[in-house]
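Engineer: Can you keep this structure in mind? I'll have questions shortly.
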Amino acid sequence: MNTVHAPIFLPDPEATSALAQALAPLLRAGDCLLLEGQIGAGKTHFARALIQEFTAEDVPSPTFTLVQTYDAPEFEIWHADLYRLSHPDEAIELGLIEAFETALCLIEWPEKLGDDAPKQALTLQLVPESEGRRVEFLSPAPQWQQRLKALDDV
């Protein structure tokens with residue numbers, strides 16, 4: 001997996017929301033963001049802020065429902081928290097594989113997908129650092145490097 005943008009330091013939740021707001025216009029149907037990080041790293045906060053850029057709906061954590069879907073003006077958004085899955089086949093049963101083709105998918109705990117993780121996905125690794133977190137942008141897909149240039153001013 002390649003780094004497709006320089007890491008960004010997020011000192012507080014407001015900076016995490018600002019990153020989500022800056023990233024939202026760069027996303028489209030068929031994109032998948034894999035949100036990695038320990039419990040409390042800010043994955044759900046980031047996902048909520050991103051979804052709220054597309055829709056005014058309340059955004060609960062999908063921890064217990066596993067998947068929440070939202071109708072944005074141009075595409076559907078799937079927000080999945082896979083923490084409780086015990087086998088990658090369970091993600092298939094949720095309908096995620098089909099959603100990867102047609103929706104914007106935000107996946108927390110993506111390692112639970114195993115080999116079913118989309119090959120063109122953008123991974124955001126949220127790593128605790130001093131008083132905040134650092135976000136690293138990784139993907140095997142080179143097109144993300146060009147698309148993320150808009151984040152240079154964040």
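Engineer: By how many degrees, 0 to 90 and rounded to 10, does the Cα axis of helix 43-54 deviate from the longest principal axis of the chain?
Structural biologist: That works out to roughly 90 degrees.
Engineer: What net charge do the residues around ALA29 carry, taking every other residue with its C-beta under 11 Å from that of ALA29, with Lys and Arg at +1 and Asp and Glu at -1?
Structural biologist: -3
Engineer: While we're here: Counting only other residues whose beta carbon sits under 9 Å from that of HIS79, what net charge do I get with K and R as +1, D and E as -1?
Structural biologist: Charge balance in the 9 Å sphere: -1.
Engineer: Among all stretches of the chain without exposed chymotrypsin sites (Phe, Trp or Tyr not before Pro) (DSSP loop, at most 14 other Cβ atoms within 10 Å), which one is longest?
Structural biologist: 84-154
Engineer: In the chain, if the dipole is taken from +1 on Lys/Arg beta carbons and -1 on Asp/Glu beta carbons about the Cα centre, which of ALA18, ILE51, ALA80 is farthest to the positive end?
Structural biologist: With unit charges placed on the Cβ atoms, the residue in question is ALA18.
Engineer: Here is a further query. For labels at LEU26 and THR3 in the simple 7 Å Cα→Cβ model, what's the distance in nm?
Structural biologist: About 1.5 nm, to one decimal.
Engineer: Identify the trypsin sites (Lys or Arg not before Pro) of the stretch 29-92 meeting these criteria: DSSP loop state and at most 15 other C-beta atoms within 10 Å of the C-beta.
Structural biologist: Listed in order of number, the matching sites are ARG84.
Engineer: Work from the charge dipole of the chain (Cβ charges, +1 for Lys and Arg, -1 for Asp and Glu, about the Cα centre) and give the residue of LEU33, PRO140, PRO7 farthest towards its positive end.
Structural biologist: Projecting each Cα onto the dipole axis, the largest value belongs to PRO7.
Engineer: Let me ask something additional. Show me the GluC sites (Glu not before Pro) within the stretch 24-83 that DSSP assigns to loop and that have at most 12 other Cβ atoms within 10 Å of their Cβ.
Structural biologist: GLU74
Engineer: Shifting gears a bit: For the chain, modelled as a Gaussian network with Cα springs under 10 Å, which listed residue fluctuates most, HIS87, HIS79, HIS45?
Structural biologist: Of HIS87, HIS79, HIS45, the most mobile in the Gaussian network model is HIS87.
Engineer: If the only charges are +1 at each Lys and Arg Cβ and -1 at each Asp and Glu Cβ, what is the size of the charge dipole of the chain around the Cα centre, to the nearest 20 debye?
Structural biologist: 360 debye
Engineer: Explain nothing, just the number: relative contact order of the chain, from Cα pairs under 8 Å at least 6 residues apart, as a whole percent.
Structural biologist: In percent, rounded to a whole number, it is 37.
Engineer: How far is helix 13-23 tilted off the main Cα axis of the chain, in degrees rounded to 10, range 0 to 90?
Structural biologist: Helix 13-23 sits at roughly 80 degrees to that axis.
Quick note: the coordinates plus some simple rules give every number you see, no bench work behind them. Remember, it's a predicted structure, so these values are computed and weren't measured experimentally. Heads up, the Cβs are rebuilt from the backbone with ideal geometry, glycines too, and the neighbour counts pull from every protein chain shown.
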